[in-house]
Structure formats: structure tokens, C-alpha cells
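The values are calculated or read from the model by the stated rules, or taken from the named source; none is laboratory data. As the structure is a prediction and not an experimental result, all values here were calculated from the model. Every residue, glycine among them, receives a Cβ derived from its backbone with ideal geometry; neighbour counts consider all protein chains shown.
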Amino acid sequence: MHNQNAKGAKIGVVLTDPDDWTASTFLKNIRKRGAKALPIVLSTLSASISTSDFSIFNADLKDLKLDAVLIRDVGISFSLEHISFKFDLLRQFENSHIPVLNSTTAIQNAANKFFSFYLFKLAHLPIPHTVITSELEVALRTIEKFGSAVVKPIFGSQGKGIIKLESTQPESEFASKLTELLKERGVLYLQEFVPNPGRDIRVFVVGEEALGAIYRVPRSDSFVSNLSQGATPVKCELTGEMRELAVSAAKALGADFAGVDLIEGEGRLFLLEVNATPSGKGIKRVCGIDVTERIIDLLLERVED
């Protein structure tokens with residue numbers, strides 16, 4: 001036992017896929033500590049509010065009574081109302097002084113690429129030049145200025161929807177693509193492409209410690225380095241610069257644990273983004289480090305007697 005508070009504690013693990021490696025490892029390691037691990041799919045929860053009572057209950061109409069909540073995956077939502085309700089449910093646990101890792105604020109900060117970059121800027125962290133606009137002309141001028149630009153969804157995951165545009169392409173070609181994306185997203189997030197060795201770095205942070213790192217090497221026909229898009233994880237030796245930048249980035253967003261993505265520019269590292277619901281599978285496979293153990297340690301330290 002790492003923590004006596006774990007005995008009998010009810011820990012809710014928010015997930016969408018019970019077979020996901022990180023989710024199943026969270027559940028297994030919580031049970032190893034003598035605690036009860038309850039898988040929770042937010043879309044199956046309901047809430048009841050009256051003048052005298054408030055409760056959150058599942059599909060079997062059983063009230064959800066938890067000692068702590070660990071968030072693996074909030075899941076995709078197809079409407080603003082749906083995603084808002086999910087986060088509002090999680091906020092009610094926080095309002096009841098139940099430990100929630102990561103906090104709803106940290107997850108929302110990390111998920112929003114625009115706002116996270118603003119927080120990184122306030123923390124004086126090195127970031128690629130980025131322009132966010134709903135104006136096509138601004139986007140066209142930005143690509144001309146950058147030479148090579150990466151266009152991403154502001155809210156996106158697993159490397160989906162990311163493209164690279166070059167100013168050497170015919171303007172009509174990328175103007176057509178940008179117009180299409182504007183109709184789809186309403187806003188464009190354009191980031192100056194950082195010339196790199198053909199890989200990025202994922203550093204895993206728990207608390208205020210960087211536990212380890214992996215290189216993520218894209219497929220030969222892609223520049224997207226997400227493992228879910230077919231990239232290959234390779235062991236990376238942490239440097240002091242990596243540790244400091246990764247811990248500072250997680251702290252800037254208020255994340256208790258995070259996967260921090262860095263890229264090697266010319267002579268320096270740049271911060272690309274922070275994932276506040278990261279998978280631990282790649283670093284376990286390549287480095288033998290089970291980050292879920294340390295995350296559970298941190299959560300159980302916050303469970304009151």
C-alpha cells in the first residue's frame with residue numbers, strides 16, 4: 001500500500017473505452033492499492049436538482065458517491081450542450097471538495113490550443129509564432145510570411161485534421177483549402193512550421209516531476225507525429241532543458257499530470273502543446289515507465305481520511 005487512505009476508497013475513472021490501455025491500467029492499479037475502481041462513462045450519467053437535493057446518478061438510478069475522480073478521457077461530444085454538461089458534472093465533484101485529476105480547468109485549458117498558447121506566452125515559454133483568424137486574407141498573408149505553416153483545429157486530438165501548407169504552392173490551391181476549412185471550423189489556427197529532425201518529443205509530467213520521454217517519429221509519408229496516426233515511439237533521454245520546459249508547461253495550465261509535446265528547432269526546443277489526458281502506453285512500451293502508478297499515487301495523497 002502506498003497510502004492508507006486508499007483502503008476502501010471509491011475512485012471513479014472517467015473513460016470512454018474500457019479496453020484502452022491507459023484506462024484499464026488505471027483501473028487495475030487502483031484495485032491493487034485496495035481501493036474500489038469504478039469505470040464512469042459521462043454520457044451515461046444524469047443529474048437531479050430540486051430545492052432540497054442534488055444528485056448525480058447512473059443508468060441504474062444509483063447515486064454516484066465517490067472519494068476521488070481520475071479522468072482518462074472525457075470523450076467526443078457532438079454539441080456544445082453535451083460537452084458543457086459533461087464538464088458541469090465533473091465540476092460538481094470539485095465543488096464538493098472531491099479530488100479530481102486532472103481538474104476540469106486544466107483539461108479545458110489544454111484542449112484549447114489558442115488559450116493554452118496564451119497561457120504559455122504569459123509564462124514566457126518558447127512557442128512557434130501562431131496566428132488565429134477568421135479572415136481569409138489574414139490567413140493568406142500569414143502563410144506568405146511563415147513560408148511553411150501548420151494548420152490545426154483549435155479543439156482537436158490524436159493529430160486529426162492537421163495539414164501543412166507551403167507558400168511555394170499556387171495561392172489558389174491553398175486559398176481553396178483554407179476557404180474549405182473556414183466553412184467547416186469558422187476560425188483558422190495557423191502555426192509557423194518549425195524545421196526539425198523529423199520527430200517530436202513527448203515528455204510525461206506528474207506533479208512537478210518529468211518522469212521520462214519518448215521521441216515520436218512519423219510515418220515516412222506524414223509529418224504528423226501522433227502515435228494514433230502511425231508514428232513510432234523511440235526512447236528519449238531527458239535533458240535538463242526538456243525537464244524544465246515540460247514541468248513549466250504543465251504548471252502553466254494547472255495540470256497535475258500531462259503529456260507535453262516539444263520539438264527540436266534550430267538550437268532550441270519549442271513547446272507545441274500539452275495533453276492533459278495523455279496515453280501512457282507508448283512510454284511504458286519503450287521505456288518501461290508506468291506513469292499511471294505515479295498519477296494514482298498523487299490522487300490518493302489527496303483523498304482525505
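Which numbered condition trips up LEU119, out of (1) part of a helix (DSSP H, G or I); (2) in contact (Cβ under 8 Å) with a residue 60 or more places away in the chain; (3) surrounded by 20 or more Cβ atoms within 10 Å (Cβ to Cβ); (4) among the aliphatic types (A, V, I, L, M)?
So the condition that LEU119 fails would be (3).
Yes or no: PRO218 under 20 Å from the mean Cα position of the chain (by Cα), farther than 30 Å from ILE296 by Cα and without any contact (Cβ under 8 Å) to a residue 60 or more places away in the chain?
For PRO218, the condition - under 20 Å from the mean Cα position of the chain (by Cα), farther than 30 Å from ILE296 by Cα and without any contact (Cβ under 8 Å) to a residue 60 or more places away in the chain - is met.
Criterion first (assigned to a strand (DSSP E or B), at pLDDT 95 or above and in contact with a Cys (Cβ under 8 Å, 6 or more places away or on another chain)) does GLY212 satisfy it?
Criteria met by GLY212.
Evaluate the stretch 241-262: report whether one residue or more is assigned to a strand (DSSP E or B), touching a residue at least 60 places away in the same chain (Cβ under 8 Å) and either surrounded by fewer than 22 Cβ atoms within 10 Å (Cβ to Cβ) or in contact with a Lys or Arg (Cβ under 6 Å, 6 or more places away or on another chain) (or both).
Yes, the stretch 241-262 contains at least one residue that is assigned to a strand (DSSP E or B), touching a residue at least 60 places away in the same chain (Cβ under 8 Å) and either surrounded by fewer than 22 Cβ atoms within 10 Å (Cβ to Cβ) or in contact with a Lys or Arg (Cβ under 6 Å, 6 or more places away or on another chain) (or both).
Please return the ranges of strands (runs of 3 or more DSSP E) entirely within the stretch 22-77 where 3 or more residues are under 30 Å from ARG285 (Cα atoms) and aliphatic (A, V, I, L, M).
36-40, 68-71
Among the residues that make up the stretch 78-87, is at least one of them out of contact with any His (no Cβ under 7 Å at 6 or more places or on another chain), in contact (Cβ under 8 Å) with a residue 12 or more places away in the chain and of a type in the set (D, E, K, R)?
Yes.
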